[in-house]
Structure formats: C-alpha cells, structure tokens
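Before we start, here is the structure in question, set down as structure tokens.
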Amino acid sequence: MELIERIVGQLLDMDFIGSVRPYLMNEPFLDPRMPQIMAYIREKLPDAHCLVNTNGDLLSLELARELGGMGVKLRVSAYGDEVARRFGKAKVPMMHVTDFRQAREKVPNVFYNRAGLVEMPGQAPVSGYCNYPFSQMYIRHDGRAVLCCSDYENQVVMGNANTEGLLEIFNGARYREYRQALKEGGRLPPLCSQCSRGDNRLRGTLALTDTPEGLWERFSLGNAAWAVGETASIPGAMRDYQYAALYQLARPYDGGRILEIGCYAGRSAAIMALAAPEAKVTTMSPSTKQVGQARENLAVYGVEVLRTKSWDYLATDKRAWDMVYVDGDHEQVARDVPWYNRIRPGGLMLFHDYTIPGMSRRADAVRPTLRAMAKQLGRSPDVVIEETSGIGMAGYYKREGEGWRPTS
C-alpha cells in the first residue's frame with residue numbers, strides 16, 4: 001500500500017477530481033486487497049471518479065454491490081458464457097456489463113492491436129492524434145510510469161512514482177516529446193508507430209444539414225451505433241442520429257465533468273456515460289417522476305441524478321465543467337445560459353431542440369437564446385447539426401477569457 005498511499009497523497013494535495021483506476025495490464029481482482037484499496041481511495045478522494053474494469057471471473061455479485069455502495073464504478077467485460085450468465089440480468093448500482101462475446105462483429109473497432117503487440121487481422125498502424133498521453137497517466141505495480149496501457153513490455157518509461165512526483169513525471173521531457181509528435185500527426189517508435197488505435201473524436205466547428213438518414217450515417221461511426229443500441233431500452237425523445245451525435249461530441253471530455261440539464265428517463269446521460277466512461281456525469285430535473293425513472297435507468301452507469309432546477313444548482317455548485325448539455329425546460333432556457341461561465345476553456349455548451357419557430361411551441365425560445373449568445377460572443381455557434389426539416393442541436397466551445405454577461 002505504500003506506493004498507493006504516496007500516489008493518493010499527491011492527488012489529495014492537488015484537489016484531484018479526475019479518474020482513478022487501480023489496475024493496468026491485469027485482472028484487478030487477482031489482488032485480494034482490491035476492496036481495501038478502493039475503500040482507501042474513496043475515503044481520501046471523495047470527489048474523484050473511481051472505476052474498475054474487470055473480466056468478471058473473480059467478481060461476485062456481493063462484492064459488486066459492496067463496491068457500488070462505495071461509489072466505485074464497475075465495467076464488466078463478459079468474454080465467456082459463465083460471466084455473461086452471472087451478470088447479464090443483474091441490476092447492481094454503478095455496474096455496467098458489456099457482452100463482448102459478439103462485440104467484434106457488432107463493434108469492429110472496439111479492439112485494436114495494442115501498439116503492434118497483438119495481432120489483429122485487417123488492422124494496420126495509423127497516423128494522427130491520440131489522446132492518451134495528454135489525458136492519462138499509467139503507473140505499474142512497481143512504480144514505473146509507462147507511456148500507455150499498451151506498453152506491456154515497459155518499452156517507454158516516463159519516470160518512477162517511487163522517487164519522482166506525479167506532476168514532475170507528467171510534465172516531463174518524455175511526455176512533452178510524445179505530445180508534440182502527436183499534435184503534429186506523427187507517431188514515434190517503438191509503440192505509437194505500430195499502433196492501430198485511431199482517434200475520430202469530433203473537434204472544432206461543425207455545421208451539418210442533412211436528412212435524418214444522412215446524419216445517422218455521419219455520426220454512427222465507431223462505437224456510437226453500439227451505444228445507441230445499448231441504451232435502446234431506456235425511453236427517450238430524440239432521434240437515433242442525435243444520440244449518435246451526442247456520443248461523438250461527449251467523447252473528448254472523457255475524464256472530465258459532464259452536466260446534463262433535463263434528465264427525462266436518462267437515455268442521453270447514459271449515452272454520454274458510455275462515450276466518456278471516465279467522466280463524472282451528472283444529470284438533473286425538478287420532476288420527481290423523471291428523477292425516479294432516471295435513477296433507476298442510470299444506476300448501472302454510475303450517473304449522478306439530482307432533483308433540482310438548473311439555476312438553483314448553479315447558485316450552490318461552484319465547480320468547473322467540461323461539457324454542459326441543455327435539454328430541460330426550453331421555455332426557461334435563457335436561465336440555463338449562465339452555466340457557460342462554469343465551462344472550462346475548450347469545453348462545450350450544447351443545446352437540444354434548436355428548431356425553426358413554430359415547429360415546437362415549447363422549444364421556440366431555444367433559437368432566440370442562441371442568437372443572443374451569438375450577439376454577445378460575436379460569433380455564430382461552433383456546432384450546428386440540423387435536419388433539412390429544421391430540427392437540430394447547436395452550441396459553443398468556450399474560448400479562453402470568454403464569459404456570459406446576463407442581459408436585462
């Protein structure tokens with residue numbers, strides 16, 4: 001526990017609110033101390049997001065419930081029939097089960113070649129960006145910090161957490177070298193140059209107008225189609241292409257904080273939780289009925305569901321957020337806009353039901369609200385996704401130094 005205590009102590013000093021995952025290239029429950037380790041992390045870092053990936057072989061329902069009660073999110077990857085049977089129909093808070101027995105056929109790119117160390121037919125090394133060295137740090141059991149989760153053979157060691165500080169390692173020369181190469185679209189040997197893991201996350205401005213079928217074709221790439229199917233049992237009021245677009249837009253904020261205003265039954269929040277599994281996702285509604293439905297549907301996704309109005313929560317919550325998705329009381333949408341001031345630079349504020357006047361009475365205020373934002377910010381929305389019929393969503397990426405000033 002000495003190394004774990006050293007790491008957690010430094011995270012505590014940073015007021016860390018990101019993600020802690022106490023495993024790397026192993027099955028975590030091979031370590032009988034795992035419940036003790038997770039209890040320690042939850043006690044010391046109550047605002048951090050704790051996540052464990054497991055194949056489920058050594059996980060019992062009793063232990064899953066114990067960890068879920070601590071606030072530990074479990075992702076069970078069922079590769080065999082026995083695990084699929086044990087957990088397939090179980091509803092355990094904070095536990096999500098993915099049946100990987102058919103995943104290769106349903107989601108072809110869910111697997112990749114692990115920097116050339118695993119043979120994957122039909123996959124070749126790719127060039128371009130990868131987010132791992134920018135957003136994550138990987139520490140082995142002996143304290144060595146390695147480049148990424150695919151560095152099985154410790155080929156690229158960035159530092160040693162036994163003798164160096166976490167920030168010293170993360171901001172060190174080796175990390176900077178790999179980040180610079182990736183920003184320029186290059187991939188350095190020996191690992192990155194052999195890896196087939198690409199990155200098709202949406203970035204920058206996006207303006208699309210098409211039929212629902214055309215928009216689905218555009219946004220259902222990667223795992224988005226799988227996520228839409230995975231959440232199909234949760235009632236929702238959006239078209240499939242909108243769920244797919246929401247998945248793609250949420251992906252860059254994995255490891256951050258995502259807020260949804262207006263939970264309905266929880267499907268949109270579930271989509272964002274699947275898109276950004278290491279993010280802390282919070283959704284809200286003043287409706288007791290909707291909150292009850294959402295809590296039931298979202299328990300396995302580890303999403304926080306609050307019964308409150310967004311402007312009341314804004315008055316008490318002082319944290320920074322990476323993405324705010326607005327789909328609540330559209331007649332009151334102007335009261336949601338001040339959340340823009342809580343978004344970190346680079347974060348996204350996205351509004352659903354960006355429709356032309358008259359299409360939906362209750363959504364008529366959304367487009368004028370976006371026009372008011374455009375006037376004050378001095379630019380058009382960065383994201384506009386519309387059907388040819390005039391139904392859509394739109395939003396802004398927060399720029400450095402930007403803010404929203406209430407208007408009378």
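The values are calculated or read from the model by the stated rules, or taken from the named source; none is laboratory data. In this text the structure is predicted, and so the values were computed from the model without any measurement. Here the Cβ is made from the backbone with ideal geometry for all residues, glycine too, and neighbour counts use every protein chain on show. SASA here: full protein model, heavy atoms, side chains in, ligands and nucleic acids out. Shrake-Rupley method; radii C 1.70, N 1.55, O 1.52, S 1.80 Å.
As I understand it, the value is the acute angle between the Cα axis of helix 288-298 and the longest principal axis of the Cα atoms of the chain; what does it come to in degrees, rounded to 10?
Result, in degrees: 30.
Tilt of helix 34-44 relative to the longest C-alpha principal axis of the chain, in degrees (0 to 90, nearest 10)?
50 degrees
Within the stretch 147-209, list the GluC sites (Glu not before Pro) lying in a DSSP loop whose Cβ has at most 15 other Cβ atoms in a 10 Å radius. Present the calculation step by step, with values, prior to reporting the outcome.
Numbers: sites: GLU153, GLU164, GLU168, GLU177, GLU184; in loops: GLU153, GLU164, GLU184.
Hits after loop and neighbour filter: GLU153, GLU164, GLU184.
Let me ask something else about it. What are the residues whose amide H is under 5 Å from the amide H of MET158, where those residues sit 5 or more places off or on another chain and H is modelled from the backbone?
Hits under the 5 Å cutoff: ALA145, VAL146, LEU147.
Now a separate question. Given a Förster distance of 22 Å, report the FRET efficiency between LYS318 and ASP47 from their Cβ-Cβ distance, rounded to the nearest 0.05. Mind showing how you got there, number by number?
On the way: r = 12 Å, r/R0 = 0.56.
E(calc), rounded to 0.05, equals 0.95.
Subtracting the Cα-Cα distance from 0.36 nm times the residue separation, let me have the gained length for ASN154 to SER77 in nm, one decimal.
Details: separation 77, 0.36 × 77 = 27.72 nm, distance 2.50 nm.
Taking 0.36 nm per residue and subtracting the Cα distance, the gain is 25.2 nm.
Hey, another quick one. Tell me, what HN-Hα J-couplings in whole Hz come from the Karplus equation 6.51 cos²θ - 1.76 cosθ + 1.60 at θ = phi - 60° for each residue of the stretch 165-176, using x for Gly and Pro?
x, 4, 5, 4, 6, 5, 9, x, 4, 5, 4, 4
Right, another one. Describe numerically, in nm with one decimal, the distance between label points set 7 Å from Cα along Cα→Cβ at GLU217 and at GLU66.
5.3 nm
If you don't mind, there's one more thing I want to ask. Of all DSSP beta bridges in the chain, what percent run antiparallel (nearest 5)? Before the final figure, lay out the partial values.
Numbers: 14 of 49 bridges.
About 30 percent, rounded to the nearest 5.
Further question: Give the angle, between 0 and 90 degrees and rounded to the nearest 10, that separates the Cα long axis of helix 240-250 from the longest principal axis of the Cα atoms of the chain.
60 degrees
Can I ask one more? Nearest 500 deg cm²/dmol is fine: what mean residue ellipticity at 222 nm does the chain get from its DSSP H runs of n ≥ 4 alone, each adding -39,500 (n - 2.57), divided by its residue count? Could the numbers behind the result be given before it?
Values: 15 runs with 129 residues, N = 408.
When only DSSP H runs of four or more count, the value is -9000 deg cm²/dmol.
Show which lysines lie in cross-link reach of LYS73 when reach means a straight Cα distance below 20 angstrom and same-chain residues fewer than eight apart are skipped.
Straight-line reach from LYS73, under 20 Å: LYS44, LYS89, LYS91, LYS280.
Turning to a different aspect of this structure: Charges at C-beta only: +1 for Lys and Arg, -1 for Asp and Glu. How large is the resulting dipole of the stretch 198-293 about its Cα centre, in Debye rounded to 20?
300 debye
What's the carbon and sulfur percent of the chain's accessible surface, probe 1.4 angstrom, rounded to a whole number? Can you show the working numbers first?
On the way: 9260 of 18750 Å².
Carbon and sulfur atoms account for 49 percent of the accessible area of the chain.
If you don't mind, another one. If I stretch the segment between GLN194 and PHE111 completely, what's the gain in nm (0.36 nm per residue apart, minus their alpha carbon distance), one decimal? Before the final figure, lay out the partial values.
On the way: separation 83, 0.36 × 83 = 29.88 nm, distance 1.47 nm.
Going from the current span to full extension adds 28.4 nm.
Turning to a different aspect of this structure: Can you list residues whose amide H is under 5 Å from VAL97's amide H, if they're 5+ apart or on another chain and H is modeled 1.01 Å from N?
Answer set, sorted by chain and number: VAL76.
Name the residues whose placed amide hydrogens come within less than 5 Å of the amide hydrogen of TRP404, ignoring near sequence neighbours (fewer than 5 apart) on the same chain.
The list, which skips near neighbours in sequence, is ASN341.
Read phi for every residue in the stretch 370-379 and hand back ³J(HN,Hα) as whole Hz from Karplus 6.51 cos²θ - 1.76 cosθ + 1.60, θ = phi - 60°, with x for Gly and Pro.
Coupling constants for the stretch 370-379: 5, 5, 5, 5, 4, 5, 6, 7, x, 7 Hz.
Counting only heavy atoms of the protein chains, get the accessible area per residue of the chain (1.4 Å probe) and round it to a whole Å² value. Before the final figure, lay out each step's value.
Details: 18750 Å² over 408 residues.
In whole numbers, the chain has 46 Å² accessible per residue.
Just to be sure I understand the model, the point goes 7 Å from the Cα along the line to the Cβ. What's the resulting ALA374 to ASN341 distance in nm?
2.5 nm
Which order do peptides 114-125, 366-377 fall in by mean Cβ count within 10 Å, highest first?
Working: 114-125: 13.8, 366-377: 16.5.
Highest-to-lowest ranking by the protection proxy: 366-377, 114-125.
Which lysines have a Cα less than 29 Å from the Cα of LYS375, not counting those fewer than 8 places away in the same chain?
LYS309, LYS318, LYS398
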